[in-house]
Each structure stands twice: as structure tokens, then as C-alpha cells.
Amino acid sequence: MVDPTVAGSAAGDRTNPDKAESFSLLRVLAMVLIAGIAAGAGYGVWTFANTPKGLVACTGRVLYQGKPVVGSVMTQNQDDKFDSAGGTLDADGRFTLDTNGEPGANVGRHKLAIISFERGAPPRPLVPADYTNITSTPLIIEVTGDPAANHREFTLEGSAPEPPATPEASPPGSGSPPSPGSPPSPPGDSAPSEPEKPPAA
């Protein structure tokens, strides 16, 4: 004999399609929600693993031909081209890095460019030109998690570009001779000629 309760339940499911459809929709929504949570958790773990754990103090000094270099410095993280830091070179050639206005730099291997130019048009580098470009500079500064180990001394080698030659001024009265076909000098520029003497008797 068939249990009337089971039979009634089966009959109710068949006679209530809206209820079965609602249950299926809820199950799909639950699966989407679980998948979204799993994806978000995975992204959060990846972001945490790849986000710098904080800025670390980093200092240095730059000398050229035995003298401090004045100007500024700029770095680029070799592991992240969008990560850069900068600092000012004081009268003693010393700098302290900061990132987006905050003291310190992110941990990593950074290329270091020296920005030191003489004013003019165009500005002339006061240090060898290779050091002034982040692409060509040979300087590397390694930023570690230990601020005490993040100080570097740099001595630049090579020759800075020579200043452009100044044209020599011509001495007074020295001019180029007139070219053929040039107009004659105006009257009064040449010395007057002596009057002719009458013939002797």
C-alpha cells in the first residue's frame, strides 16, 4: 500500500510547478554566490602576496670628482615599472627617498638616476649624461626590509658634457672686405683729393 503522505507530497510537487522552479532558482543563486566568494578570496590572497608590506627608510650620498652633487634623484623599481621614488640632493650630496610624498621606498631592486643640470637652453648635465637617464644609468640601490642596511654611497665616473663654445667677438674695425658689386661708399667717407697745381711758366 502506498503511504498517502508520500503520495500527497509527490502529487503536490506535480501540481505546484512554481514551487519547484523557485527552488531551482535559489540553488543556482547559491552556487553563484559561493563561486563569487571563492574568487574574491583567491584575489585577496594574490593581492596580499603581491602588495608591498610598507615603505622602508632609504638614504644615500652622491659624489662626482670628489665633490657633492646637488640636484635630485629618481628611482624605478625593476620588479614594478610603476613603482618609483625620489629625493633631493642637498649641499652635501645626501638624499632621502620618499614615495608619493611618504618617507621611504618599497622593498626591491631600484635603478637610480641623478638629476643635476646647469640652467640654460638647453640645460647641460653637470654629471656624465648616462647617470641622468633612468634607462641608461648604471646605479642600483637595493632597498631591504632593514632601514639600517639601506644606505649607499655613490661615486660617479666619466666626464660631463662640455659647455658650448662661446663665439669670439671680432676686434673693432675688423670687418670683411666689401664683396664685388657692392654699392660705392657715400660721399664724405673717403679722404678729399688735393687740388691740381697750375703748370710752371
Count of residues meeting criterion [at pLDDT 95 or above and more than 11 Å from residue 109 (Cα to Cα)] in the stretch 67-82: 8
Some residue of the stretch 147-164 being of a type in the set (D, E, K, R), surrounded by 11 or more Cβ atoms within 10 Å (Cβ to Cβ), in the same structural domain as residue 103 (by TED's automatic domain parsing) and under 18 Å from residue 83 (Cα atoms): no
Single residue of the stretch 115-145 satisfying the filter (among the small types (Gly, Ala, Ser) and part of a loop (DSSP other than H, G, I, E, B)) that is surrounded by the fewest Cβ atoms within 10 Å (Cβ to Cβ): 121
In the stretch 87-114, the residues that are surrounded by fewer than 17 Cβ atoms within 10 Å (Cβ to Cβ), polar (S, T, N, Q) and over 20 Å from residue 156 (Cα atoms): 100
Which numbered condition residue 93 fails, given (1) at positive phi; (2) touching a residue at least 40 places away in the same chain (Cβ under 8 Å): (2)
Where a residue in the stretch 66-86 is within 16 Å of residue 152 (Cβ to Cβ) and its partner, wherever it lies, is of a type in the set (Asp, Glu) and in a loop (DSSP other than H, G, I, E, B), with Cβ under 6 Å and at least six apart: 68/92; 77/83
Which numbered condition residue 104 misses (of (1) touching an Asp or Glu at 6+ places or on another chain (Cβ under 8 Å); (2) without any contact (Cβ under 8 Å) to a residue 24 or more places away in the chain): (2)
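The values are calculated or read from the model by the stated rules, or taken from the named source; none is laboratory data. A quick note: this is a predicted structure, and the numbers were derived from the prediction, not measured. Here Cβ is always computed from backbone atoms with ideal geometry, including for glycine, and neighbour counts include all displayed protein chains.
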